[in-house]
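The values are calculated or read from the model by the stated rules, or taken from the named source; none is laboratory data. Keep in mind the model is a prediction, meaning the values are calculated, not measured. Backbone-built Cβ (ideal geometry, glycine too); neighbour counts: all protein chains shown. Only protein heavy atoms, including side chains, enter the accessible area calculation; ligands, DNA and RNA are left aside. Shrake-Rupley method; radii C 1.70, N 1.55, O 1.52, S 1.80 Å.
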Amino acid sequence: MNELFIGILYIVPTPIGNLSDITCRALEVLKNVHLIAAENIRHTNFLLQHFNIKNNLILMNKDNEKKQTENIIEELKKGKKIALVSNAGTPIINDPGGILIKKCHILNITVIPLPGACAAITALSASGIINKHFCYEGFLPAKKKIRCDLLSSLKEETRTIIFYESKHRILESIQDIIEQIDKNRHIVIAREITKKWESIYGAKANLMLQWLKEDKYRYKGEMVIIIEGFKNLKKNNLPKKILDTFSTLRNFLSLKTSVLITSQVYDISKNNLYKYAIKKKNDKST
Ligand code: SAM
């Protein structure tokens with residue numbers, strides 16, 4: 001059994017634009033911890049000054065994450081309370097800190113996460129896409145080939161897909177979505193969320209590209225791309241991935257249970273699966 005350390009690591013989300021979005025609890029933690037591990041000292045100092053908080057900062061970014069993890073762990077072992085913050089939003093979500101959290105768990109050091117701003121979830125909530133299942137894919141890869149391969153692999157993903165993207169690549173990425181997924185797929189771009197020029201705009205992929213090209217201010221700043229999941233409009237023409245899951249389950253489970261599990265996992269109608277199963281049985285017997 002590992003020794004029980006008394007230090008605590010707090011994961012503290014910070015605003016993604018509007019400073020008023022910080023929580024009372026986040027301010028309390030930032031004020032009272034012994035040390036704040038920040039992705040960017042200047043950035044976090046600006047935030048602390050805004051809220052009249054004075055505290056000690058150490059830098060932890062992707063370049064020094066491994067080394068700094070060791071230093072922070074030493075402080076936690078001494079019983080220190082430390083807050084982890086990134087430049088904006090929730091630490092770890094496409095930000096450094098994952099190695100530190102993992103090490104804390106290994107050493108039984110308490111990790112306390114605070115809820116707060118996250119661009120992906122805020123964008124998803126405003127997307128107007130109705131689907132309780134979603135997947136978060138982080139940044140779209142910068143290299144075209146890798147980006148296209150990834151998009152192609154997601155063509156039949158039935159969950160809503162969330163990507164982070166930069167203004168420098170957005171036009172190319174939408175073009176790739178058109179080519180690899182579907183020109184008619186509905187997408188939403190949530191840009192500059194909580195900031196002065198916030199915009200949430202949804203359209204079919206080809207119309208989105210046209211709309212963006214009409215005005216370069218439409219793709220300025222920070223943005224999240226949300227892609228509506230694959231919808232099978234042709235009856236009984238279910239994606240291979242779904243049919244494979246169903247067939248695997250069917251090897252071990254009853255028809256009813258296999259249909260129930262598959263329909264719940266992929267959020268599709270049970271009827272289509274029953275029809276598929278009947279057709280498959282008929283095909284076998286003829
Ligand atoms: N940890 C952050 C979070 O919880 O959202 C994400 C950090 S990631 C390095 C930064 C990316 O998040 C940006 O490039 C952009 O894609 C997205 N993002 C951050 N703030 C945003 C905002 N206000 N509006 C739209 N997207 C934003």
Rounded to whole Å, sorted largest first: equivalent-ellipsoid semi-axes of segment 120-227, Cα gyration tensor: 19, 16, 13
Sort all Cα-Cα distances of the chain into consecutive 10 angstrom bins from zero, then give the percent of pairs in each bin up to the one containing the longest distance. 6, 23, 24, 22, 17, 7, 1, 0
Put +1 on the Cβ of every Lys and Arg and -1 on every Asp and Glu Cβ in the chain; which of SER258, ALA88, ILE106 then has its Cα farthest towards the positive end of the dipole? SER258
Can you show me the helix-derived [θ] at 222 nm for the chain, built from DSSP H runs with n ≥ 4 at -39,500 (n - 2.57) apiece and divided by the number of residues, rounded to the nearest 500. -12500 deg cm²/dmol
Per residue, the convex hull volume that the Cα atoms of segment 240-285 enclose (Å³): 68 Å³
Cα-Cα P(r), segment 1-95, percent of pairs per 10 Å interval: 16, 52, 27, 5, 0
For the chain, with a Gaussian network of springs between Cα atoms less than 10 Å apart, report the residue from LYS62, LYS204, LYS155 with the top mean-square fluctuation. LYS62
May I ask for the net charge around ALA117, where only other residues with Cβ less than 14 Å from the Cβ of ALA117 are counted and Lys, Arg are +1 while Asp, Glu are -1? -3
Whole-Å distance linking the alpha carbon centroid of segment 19-41 with that of segment 61-95 is 13 Å
Sparse-neighbourhood loop sites, chymotrypsin sites (Phe, Trp or Tyr not before Pro) in segment 155-240 - DSSP loop, at most 12 other Cβ within 10 angstrom: TRP197
Once you have the Kirkwood Rh of segment 209-286 from its Cα pairs, apply Stokes-Einstein at 4 °C and 1.567 mPa s and quote D in µm²/s. 85 µm²/s
Which of the residue pairs LYS195/LYS216; LYS183/LYS216; LYS204/LYS270; LYS66/LYS196; LYS54/LYS81 have a Cα-Cα distance greater than 26 Å in the structure shown? LYS204/LYS270; LYS66/LYS196
Dipole magnitude of the chain about its Cα centre (Cβ charges: Lys, Arg +1; Asp, Glu -1), debye to nearest 20: 1000 debye
With every protein chain kept in place and a 1.4 Å probe, segment 120-227 has an accessible area per residue in Å² of 52 Å²
At a Förster distance of 45 Å, what's the computed FRET efficiency of LEU59 paired with ASN131, Cβ-Cβ distance as r, to 0.05? 0.70
